[in-house]
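Shown next, in structure tokens, is the structure this report addresses.
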Amino acid sequence: MSIDAQILTALRSAPGGTVSGAELSQKLSISRAAIWARIEDLRSLGYEIEASPHLGYRLTSAPDVLHADDLFSRLGKIRVVGRDIRVFQETTSTNDVMEKLARDGVKEGAVAFAESQTKGRGRLGRKWMSPTGKGLWFSLLLRPDMHPQQTTQLTVATGIALRRAIEMHAGVRSDIKWPNDILLNGRKVAGILTELSAELDHIKYVIIGVGIDVNQGAGEFPIELRSVATSLKIETGKAWSRAALAVEVLRQLDYDYGRLVAGRFQGIAEEWEQHCTTLGQTVVIRIGDRRIRGRAESLSEDGALLLRSEHGHLETIMGGDVGIEKA
Ligand code: BTN
């Protein structure tokens, strides 16, 4: 853990909220002058830290910027997800950044956030708007010991982790639309882009890209998206700390990835089925030029959608675009 992360952790966990320069200096084995210099640096990043000659330092507020040390210090104990956190001010796409890190051999669990993306992308080659400081745009690297066909399990696990994190953080219940959309009041608030590098029978690595629209106002979405996209702020009427939400999302992802690698996909699938609005509906799935119409029945063991077609066949759908058919 970096010195900044250790200072922030100590300030956050101090009994009574205050910790003396002497205690910090002893704990971190650096001089009081060095502590003071780090505190000044944190202040310049927007952390408000009071200093009292008798009591010591107290963290009174943290800025709504993403700061790797801060995220790490808030995360607490995790197994895999978030053990390496990097924050970029601007990137093309965090999935591209992570792809490069993956090829360089970075360990699974690494996460790259960007304050903004110039070429954020969504599924099926769509563009993903990533305005500065308004949402969470990040990619997670995983190296699961899995068959490529099971990749959808990771998207399903990510979906329930996001849904739970949003509920725990903002107190609102969202729904899941297969395969990867998180909806609030019927409009999309978050999406998942899973990209894979695999050999015939095993996954080399998976990059899970997540976009969550957090603090955009209604007028900040392009007109053509306003009926289908939303943000947490629009739905709840208040702005949210992106850093706190990011930490909750990473914790939930860590929990669900743990369940998945422990072979407990069944529990994940059940939770997903409880919150998925696609199931039970008559849907039209578009995969390239193909259209398949049928009733969405359940998830397969691999995480694919099982669709009962008009001809009574059970089709296994791995990807595509889902439209709900009006009754
Ligand atoms: C979708 O719903 O189509 C998926 C959207 C995924 C967007 C995220 S933002 C972070 C990561 N980087 C990207 O370029 N895309 C994903």
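Taken together, the criteria exclude Arg286 from residues that are modelled with pLDDT of 90 or more, charged (D, E, K, R) and not in a loop (DSSP other than H, G, I, E, B). Within the range 103-155, the set of residues being at pLDDT below 95, among the β-branched types (Val, Ile, Thr) and either surrounded by fewer than 16 Cβ atoms within 10 Å (Cβ to Cβ) or touching a helix residue (DSSP H, G or I) at 6+ places or on another chain (Cβ under 8 Å) (or both) is empty.
Scanning the range 190-219 for residues that are within 16 Å of the ligand (Cβ to nearest atom) and over 20 Å from Lys107 (Cβ atoms) returns Ala190, Gly191, Ile192, Leu193, Gly211, Ile212, Asp213, Val214, Asn215, Gln216.
Within the range 243-276, being surrounded by fewer than 23 Cβ atoms within 10 Å (Cβ to Cβ) and touching a strand residue (DSSP E or B) at 6+ places or on another chain (Cβ under 6 Å) holds for Ala269, His275.
Whenever a residue of the range 300-318 is at positive phi, its partners that are of a type in the set (Gly, Ala, Ser), lying with C-beta atoms within less than 9 angstrom and at least six residues away or across chains, give the pairs Gly303/Ala157; Gly303/Ala269. Check whether at least one residue in the range 45-53 is among the hydrophobic types (A, V, I, L, M, F, W, C) and under 22 Å from the mean Cα position of the chain (by Cα), and report yes or no. No, the conditions are met nowhere in the range 45-53. Of Arg259, Arg242, all but one fail to be within 27 Å of Arg126 (Cβ to Cβ), under 18 Å from the mean Cα position of the chain (by Cα), basic (Lys, Arg) and modelled with pLDDT of 95 or more; the exception is Arg242. Residues in the range 99-133 that are away from the ligand (no atom under 12 Å from the Cβ) and either part of a loop (DSSP other than H, G, I, E, B) or touching a Pro at 6+ places or on another chain (Cβ under 9 Å) (or both): Asp104, Gly105, Val106, Lys107, Glu108, Gly109, Thr132, Gly133.
For the range 287-309, what are the residues that are surrounded by fewer than 19 Cβ atoms within 10 Å (Cβ to Cβ) and in contact with a Gly (Cβ under 6 Å, 6 or more places away or on another chain)?
Here is the first cut: in the range 287-309, the residues surrounded by fewer than 19 Cβ atoms within 10 Å (Cβ to Cβ) are 287-293, 295, 297-298, 300-302, 306, 308-309.
The answer is Ile287, Arg308, Ser309.
Working carefully through the options Asp69, Asp64, Asp96, find the one that is more than 22 Å from Asp254 (Cβ to Cβ), in contact (Cβ under 8 Å) with a residue 60 or more places away in the chain and surrounded by 14 or more Cβ atoms within 10 Å (Cβ to Cβ). After applying the criteria, what remains is Asp64. Give me the pairs, please: first residue somewhere in the range 29-49 and within 17 Å of Ala243 (Cβ to Cβ), second residue anywhere and surrounded by 12 or more Cβ atoms within 10 Å (Cβ to Cβ) and among the aromatic types (Phe, Trp, Tyr), beta-carbon distance under 8 Å, and either six or more positions apart or on two chains. Note: pairs meeting the criteria are Ile49/Tyr57.
The values are calculated or read from the model by the stated rules, or taken from the named source; none is laboratory data. Fair warning: this is a prediction, and the values are worked out from it, not measured in the lab. When we count neighbours, we look across all protein chains shown, and the Cβ atoms used for this are built from the backbone with ideal geometry, even at glycine.
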